């Protein structure tokens, strides 16, 4: 008899710690975004740099990954939502609209379709 390793279910405390980290990250992101947008709106590019933009982008990516991680921990059986958003988040705004329009679905309808048919994205993008 062999034993398979089972993933440990996260505790409420662990999820709470991730949520606190997310809130802190969101505050930092919003603050940096405000500072950056103010510098841009006042045409004060002497006080901003490409490094500021890259830092802002890194915070956004980290925030998005943390949100996805928390969602997956809280909803371990919901693979359709994760799959749909992973696909859509790779597209820019106009590409998302074009894709959803081409298949005649909203994001929620796309998720429902993936729940019914897990290979739906592969079929419509092939």
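The values are calculated or read from the model by the stated rules, or taken from the named source; none is laboratory data. Small disclaimer: the values here were computed from a predicted structure and weren't measured. Every residue, glycine as well, gets a Cβ built from its backbone with ideal geometry; the counts of neighbours run over all protein chains shown.
Numbers for the structure displayed
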| quantity | calculated |
| --- | --- |
| Any chance residue 106 is under 30 Å from residue 125 (Cβ atoms), surrounded by 12 or more Cβ atoms within 10 Å (Cβ to Cβ) and under 18 Å from the mean Cα position of the chain (by Cα) | no |
| Residues within segment 77-103 that are over 21 Å from residue 60 (Cβ atoms) and either surrounded by 11 or more Cβ atoms within 10 Å (Cβ to Cβ) or more than 20 Å from the chain's Cα centre (by Cα) (or both), tallied | 10 |
| Any hit, segment 40-47, residues being at pLDDT 90 or above and either more than 20 Å from the chain's Cα centre (by Cα) or over 27 Å from residue 88 (Cβ atoms) (or both) | no |
| Criterion (at pLDDT 95 or above and surrounded by 14 or more Cβ atoms within 10 Å (Cβ to Cβ)) met by exactly one of 30, 62 | 62 |
| Unique match (being closer than 30 Å to residue 125 by Cβ, assigned to a helix (DSSP H, G or I) and without any contact (Cβ under 8 Å) to a residue 24 or more places away in the chain) among 62, 95, 55, 112 | 95 |
| Segment 99-109, residues that are out of contact with any helix residue (DSSP H, G or I) (no Cβ under 7 Å at 6 or more places or on another chain), farther than 15 Å from residue 85 by Cα and not in a loop (DSSP other than H, G, I, E, B) | 101, 102 |
| Some residue of segment 10-30 being under 30 Å from residue 124 (Cβ atoms) and assigned to a helix (DSSP H, G or I) | no |
